[in-house]
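S.K.: Shown below is the structure under consideration.
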Amino acid sequence: MNDLAIAANGLRKSYGDKTVLDGVDLAVPTGTVFSLLGPNGAGKTTVVKILSTLVTADAGAIRIGGHDPAADPRAVRAAIGVTGQFSAVDGLITGEENMLLMADLHHLSRSEGRRVAAGLLERFDLVEAAKKPASTYSGGMKRRLDIAMTLVGDPRIIFLDEPTTGLDPRSRHNMWQIIRELVTGGVTVFLTTQYLEEADQLADRIAVLNNGRIVAQGTADELKRLVPGGHIRLRFTDPAAHRSAAAALREVVLTEPRLPSDGGDPAEEALSLRIPSDGSQRELRSVLDLLDSAGVEADELTVHTPDLDDVFFALTDTTDIPGQAGQPKETVR
Ligand SMILES: Nc1ncnc2c1ncn2[C@@H]1O[C@H](COP(=O)(O)OP(=O)(O)O)[C@@H](O)[C@H]1O
Ligand SMILES: [Mg+2]
């Protein structure tokens, strides 16, 4: 347990007769990025609020940096920083004033507060904006200020609740860079997101939360292997090579015809072979060994792994997400 920054077992929470969390288990090793991925209403913010002492759980055991939020909330609060889903930035005062307010809350001396605020404003590229009212900031600048404020207390564990929701792509990439730098500095990041790509990009481990339950947990690659559809595709330009390869691989080649909706040029498809595969090194090697012993070489080899979208839609209830039919799609890796 000691190398876990965050551990939770059997978290439960209900509001009235609505069960929001129905037995959630989480384990986040120190110095890693953990992403809690789930659609709107899944319970992500509730998890963050419970782990960060803002709300008490009905049941469950929790350790944050080794402390129990129920028994010792102050110790937990001293170890963590929280950037909520909705900004804590006060728009009426300047960015710098917001920072100094945080420094006060953390009982820093006036000179120490100024030093820390200046350093963070610099680090988050807010020096120019620092003297302007925060209400004039763009969405990306507000989020940067929000995170800078969270860092005033130098927390070792940071909760970021949907830090990029509503940001434009450039600001989102900036935020990803900020998160990566935090981790390089040894901070543990607990990140909630609705974006599969974000979890894929940043997280060491991902838990998929749906209707208050963890429906899958693992690395992005482990999760992708959970849904069917992964395969190795070999393409040939020489029909003779295609025939030899098909003979060599007859035991493993997928024989059912491709659906028209799979796309691709029919002539090209005719010289292709598909081998169902989880994309693992072992499976790839055995296919290459079979080709080698038959003395054929493919003109192109691609590994198609299902992407996180496939996992997400396979595991979560998508009825409340308009425009997402949950069609499996193919990605070339
Ligand atoms: N204070 C509350 N009172 C009643 N219901 C709540 C409260 N907070 C959250 N909920 C409900 O719990 C569910 C999960 O909410 P939330 O944790 O905010 O989900 P997410 O952050 O994943 O969108 C939602 O159905 C929400 O309406
Ligand atoms: Mg939320």
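Read-outs throughout are calculated quantities, based only on the coordinates presented, and are distinct from any laboratory measurement. Only a predicted model underlies this, so the values are computations on that prediction, with no experimental measurement involved. Here Cβ is always computed from backbone atoms with ideal geometry, including for glycine, and neighbour counts include all displayed protein chains.
S.K.: Compute the helix-to-body angle for 239-248: its Cα long axis versus the longest principal axis of the chain, expressed 0 to 90° and rounded to tens.
M.R.: The helix 239-248 is inclined about 80 degrees to the chain.
S.K.: Relative contact order for the chain: what is it in percent, counting Cα pairs under 8 Å that are at least 6 residues apart?
M.R.: After rounding, I find 18 percent.
S.K.: Ok, one more. For the pair Trp176 and Glu112, how long in nm is the line joining their label points, each one 7 Å along Cα→Cβ?
M.R.: Calculated label separation equals 3.7 nm.
S.K.: Once the Cα atoms of helix 169-184 and of the chain are each reduced to a long axis, what angle between those two axes, in degrees from 0 to 90 to the nearest 10, is obtained?
M.R.: It is inclined by approximately 80 degrees.
S.K.: Where the centroid of each part is defined by its Cα atoms, how far is segment 159-202 from segment 2-74 in Å?
M.R.: Between the Cα centre of segment 159-202 and that of segment 2-74, the gap is 19 Å.
S.K.: Just to check, using Stokes-Einstein with a Kirkwood Rh over alpha carbon pairs, what's the diffusion coefficient of the chain at 20 °C and 1.002 mPa s in µm²/s? Kindly include the intermediate steps, with their values, before the conclusion.
M.R.: On the way: Rh = 22.6 Å.
D, rounded to a whole number, is 95 µm²/s.
S.K.: Lys pairs in the chain, Cα-Cα under 18 Å, at least 8 apart or on separate chains: how many?
M.R.: 7
S.K.: For helix 110-123, what angle does its Cα long axis make with the longest principal axis of the chain, in degrees from 0 to 90 and rounded to 10?
M.R.: Helix 110-123 sits at roughly 20 degrees to that axis.
S.K.: Taking only DSSP H segments of four or more residues, each worth -39500 (n - 2.57), what value at 222 nm results for the chain once the sum is divided by all its residues, to the nearest 500 deg cm²/dmol? Let's see the in-between values first.
M.R.: Working: 12 runs with 117 residues, N = 333.
That calculation yields -10000 deg cm²/dmol at 222 nm.
S.K.: Another question about this same structure. Label-point separation (nm) for Ser244 and Thr219, each offset 7 Å from Cα along Cα-to-Cβ?
M.R.: Distance between label points: 3.6 nm.
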